[in-house]
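Report on the following structure.
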Amino acid sequence: EKGGYDYFMLKEIAEQPKAVADTLLGRIDGSGSLTLDEVRIPPGVLREIDKVVIVACGTAFHAGMIAKYAIEHWTRLPCEVELASEFRYRDPILDAQTLVIAISQSGETMDTLMALRHAREQGSKVLAICNTNGSTIPRESDAVLYTHAGPEVAVASTKAFLTQLVACYLVALYLGQVRGTKWGDEIRAVIRDLSSIAGAVDQVLVTMEPVRELARTLASKKTVLFLGRHVGYPVALEGALKLKELAYMHAEGFAAGELKHGPIALIEEDLPVVVVVPSPRGRSVLHDKIVSNIQEIRARGARTIVIAEEGDEAVVPYADHLVRIPATPTLLQPLVATVPLQVFACELATARGNEVDQPRNLAKSVTVE
Ligand code: F6R
């Protein structure tokens, strides 16, 4: 049932292009508009929403962080993202004009379930983004947008994460479409770009051998840092989480702009630092800033592992290891940038002799608070 792979995780990483395509299937009509009829919250209600709040845990929380960028950009609605485990304990401000989005692969995570129950008690509408048909979270929500990743067996989430991102983009674009924003043309263009994104994920997968080789050489390291900006920041957090879970290594993700406010003190000779570089075409200011960050940390001895778009030549002189990803619109980059980090963590775990599919101390679905 592992389909020829040594681990479910490898199989699930390889299934990502299909999972992404399946999650888009039937949701874009012939004219290039979104048809999310499943989101049974009437468009009239969605037009009255004045705030979006996302609740989730772990990897799903990272998907939520990326969704915030997309939702705020395309809808101009304020969007908060909160760890589900913290949410109800701080008396959050919720009302009937708040749309709460609960993201969960399993649909059984107790923290997320308690957060959505709290939101519904305050009169908010809850939309679940979930991978498991008929699970508790979608049953208790007002509406559900299912991700179509198929069953995810490995404890560490991979294909479910990519499909959560797709679902989040769909919701953001749909809200933009329903509410009407000045980004109408961009929204139509991004819907077109999404249709070809599975191919881009596939393109990354076939170039992963150097990442595996690199991971094997780092098996005796104690720490790996991850840096990113904008939507690359949650990608960095996700890369660090995967490494903790699977390789049992100390790993931390930082927003690259925060380096100078503290973390740069951690940089020492030969410390591996993975940097997710924003597109030089999109928010080019951020691209240039991160290139300076790479220079700064390398000058202090860091071993730089740079994930950058094809054609980005500015990073070349400062990259000890360069991992190329296909060019995508800025907001969609996490769909391709996350893949090398999954492969990296999986290979490092294997090199350290760890059980990849069943990391110690972890369970696939966390049904206790
Ligand atoms: C990370 C991982 C966990 C889950 C988290 C939420 O690889 O698997 O962090 O993402 O426990 O689980 P769901 O999405 O089932 O609510």
Count, please, the residues in the range 48-72 that happen to be buried (at least 19 other Cβ atoms within 10 Å of the Cβ) and assigned to a strand (DSSP E or B).
5
Across the range 222-243, which residue is surrounded by the most Cβ atoms within 10 Å (Cβ to Cβ) among those that are more than 13 Å from E347 (Cα to Cα) and charged (D, E, K, R)?
E238
Only residues that are assigned to a helix (DSSP H, G or I) and either over 24 Å from T109 (Cβ atoms) or not aliphatic (A, V, I, L, M) (or both): list them for the range 18-42, please.
K18, A21, D22, T23, L24
Note on the range 82-129: residues among the hydroxyl-bearing types (S, T, Y) and more than 11 Å from the ligand (Cβ to nearest atom) are Y89, T98, S124
Restricting the search to the range 306-318, which residues are surrounded by fewer than 18 Cβ atoms within 10 Å (Cβ to Cβ) and touching a helix residue (DSSP H, G or I) at 6+ places or on another chain (Cβ under 7 Å)?
A314
Has the range 320-335 got any residue that is within 16 Å of the ligand (Cβ to nearest atom) and either among the small types (G, A, S) or buried (at least 21 other Cβ atoms within 10 Å of the Cβ) (or both)?
yes
From T158, T132, grab the single residue that is over 22 Å from R117 (Cα atoms), among the polar types (S, T, N, Q) and within 14 Å of the ligand (Cβ to nearest atom).
T158
Please verify whether the range 222-229 includes one or more residues that are within 18 Å of the chain's Cα centre (by Cα) and within 16 Å of the ligand (Cβ to nearest atom).
yes
Quick check, is D37 more than 16 Å from the ligand (Cβ to nearest atom), among the acidic types (D, E) and in contact (Cβ under 8 Å) with a residue 12 or more places away in the chain?
no
Could you please tell me which pairs satisfy a Cβ distance under 9 Å, a separation of 6+ or placement on different chains, a first residue in the range 70-89 that is farther than 16 Å from A56 by Cα, and a second residue that is of a type in the set (D, E)?
H73/E186; W74/E186; L77/D50; P78/D50; P78/E72
Members of the range 60-110 found to be over 22 Å from V155 (Cα atoms) and small (G, A, S), listed by number
A67, A70, A96
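Residue-by-condition table, conditions (1) within 16 Å of the ligand (Cβ to nearest atom); (2) touching a strand residue (DSSP E or B) at 6+ places or on another chain (Cβ under 7 Å):
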{"position": "D270", "(1), (2)": "no, yes"}
{"position": "G282", "(1), (2)": "no, no"}
{"position": "S292", "(1), (2)": "no, no"}
{"position": "C346", "(1), (2)": "yes, no"}
{"position": "V356", "(1), (2)": "yes, no"}
{"position": "L362", "(1), (2)": "yes, no"}
Every pair of residues 6+ apart whose Cβ atoms lie under 7 Å, when the first sits in the range 345-359 and is of a type in the set (D, E, K, R) while the second is outside any loop (DSSP other than H, G, I, E, B):
E347/R212; E347/A215; E347/R216; R352/A247; D357/F8; D357/M9
Of (1) touching a Gly at 6+ places or on another chain (Cβ under 6 Å); (2) under 28 Å from Y248 (Cβ atoms), T109 satisfies every one except (1)
Being modelled with pLDDT under 90, not polar (S, T, N, Q) and not in a strand (DSSP E or B) is the requirement here; does V45 meet it?
no
Filter the range 69-121 down to the residues that are within 21 Å of P234 (Cβ to Cβ) and among the polar types (S, T, N, Q) and list them by number.
T75, S85, S104, Q105, S106, T109, T112
All positions within the range 1-33 that are modelled with pLDDT under 95 and β-branched (V, I, T):
I28
From the list E245, E258, which residue is without any contact (Cβ under 8 Å) to a residue 12 or more places away in the chain and of a type outside the set (S, T, Y)?
E258
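The values are calculated or read from the model by the stated rules, or taken from the named source; none is laboratory data. Here the structure is a predicted model, which is why all the values come from computation and not from measurement. Counting neighbours? That spans all protein chains shown, and the Cβs are built from the backbone with ideal geometry, glycine included.
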